[in-house]
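None of the figures in this text is laboratory data; all of them are computed from the coordinates on show. Since the structure is predicted, the reported quantities are computational estimates derived from the model, not experimental observations. A quick note on method: Cβ atoms are made from the backbone with ideal geometry, for glycine too, and the neighbour counts reach across all protein chains shown.
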Amino acid sequence: MLGKHAIQTMNKLHLGQFVAPNGQLSIESTDEIAAELIARLRASPHWLVFVTEQNPIDLDRVINVLAAMGQSGAELPRISKTKIQVDVKQLARKGKVTRYSRTPDALPLHTDCSNKAVPPNVVAFAMERPDPQGGGESVILSASDLVHALPEDLVNLLRQPVFPFTDKKQYPILQGEGDDWRIRYYRNQIDSALSEQCPLSDELREALDELDRYLELSQSVRFAMQPGEVVIMDNQRVLHGRSAMPADSPRLMHRFRLSVPALSAPTSIG
């Protein structure tokens, strides 16, 4: 049965259990944190809260942990970093999909970089300054939880590699089986890509509308991040969004995106 927002025990990992008495974090401890984060991301629900208990948060330390997660041999991952805060100039940029993260608007459940051939499989949000009025709550939903609530005929439609995320590339929205599902979805991105050169049948448009209705009623998890908390998610196995906030909200987060090779393989299904 679908409900508006699920209540569940928050999956958390605390930085404090790895830090030395002098406050230092060794390379070995950083690698240990990275391994634990990867192990948790590979398991349901494929996201967690990394609690640093720092205010202000040490972003360099967060980046070091993320780099350790994505390191492959001697090669360090490319990590993109973006400040997420209300920017009134973005309000005038109609039609720009990316403007929404800089507005006070609610942001529907979506996949970051859904228009990329391979979206980064890790997205992290580090909270520096929450909205004092409680706006901008995080909303997260795992693909597996969503698929288990969808009718089979809708799942079959969404598995078709025909949905435009750019005017030249089409992809399936859902891929997987059993309890291991991957999802690529951003309705605004699809709507922006639709054109005479990249059409979509009435049946598939109705499938998107039906999916949106299920997302509205889904067992998503909604919570307010605290200063020093970092939400880390498998961007290919969960959708994320946020609630609205006041137009003058001082809320400030830092978003990181990277690819972690250890998450690319299918999860084991027990």
Subject >> Approximate spin-label separation residue 13-residue 224, in nm, with each point projected 7 Å along Cα-to-Cβ >> reply: 2.7 nm
**OP:** Using the structure shown, select from 89/168; 81/116; 12/83 the pairs with a Cα to Cα distance greater than 27 angstrom.
**Re:** 89/168
Subject >> Unit charges on C-beta of K, R, D, E only; dipole of the stretch 5-262, Debye >> reply: 880 debye
Subject >> Relative contact order %, the chain, counting alpha carbon pairs below 8 Å whose residues are six or more apart >> reply: 36 percent
**OP:** Could you sort 110-122, 232-244, 208-220 so that the peptide with the highest average Cβ count within 10 Å comes first and the rest follow in order?
**Re:** 232-244, 110-122, 208-220
Subject >> Listed residue (38, 241, 173) projecting farthest to the positive dipole end of the stretch 5-262, Cβ model >> reply: 241
Original post:
So what are the radius of gyration and Dmax for the Cα set of the chain, in Å?
Top reply: 18.6, 63
**OP:** Could you line up 146, 204 from fewest to most neighbouring Cβ atoms inside 10 Å?
**Re:** 204, 146
Subject >> Inter-label distance, nm, simple model (7 Å from Cα along the C-beta direction), residue 78/residue 152 >> reply: 4.3 nm
Original post:
Relative to the present Cα-Cα distance, how much length would full extension add between residue 213 and residue 167 at 0.36 nm per residue of separation?
Top reply: 14.0 nm
**OP:** Please give the FRET efficiency for residue 59 paired with residue 117, using the beta carbon to beta carbon distance and R0 = 35 Å, rounded to the nearest 0.05.
**Re:** 0.75
Original post:
Considering only the other residues whose Cβ falls under 14 Å of the Cβ of residue 36, what net charge follows from Lys and Arg at +1 and Asp and Glu at -1?
Top reply: 0
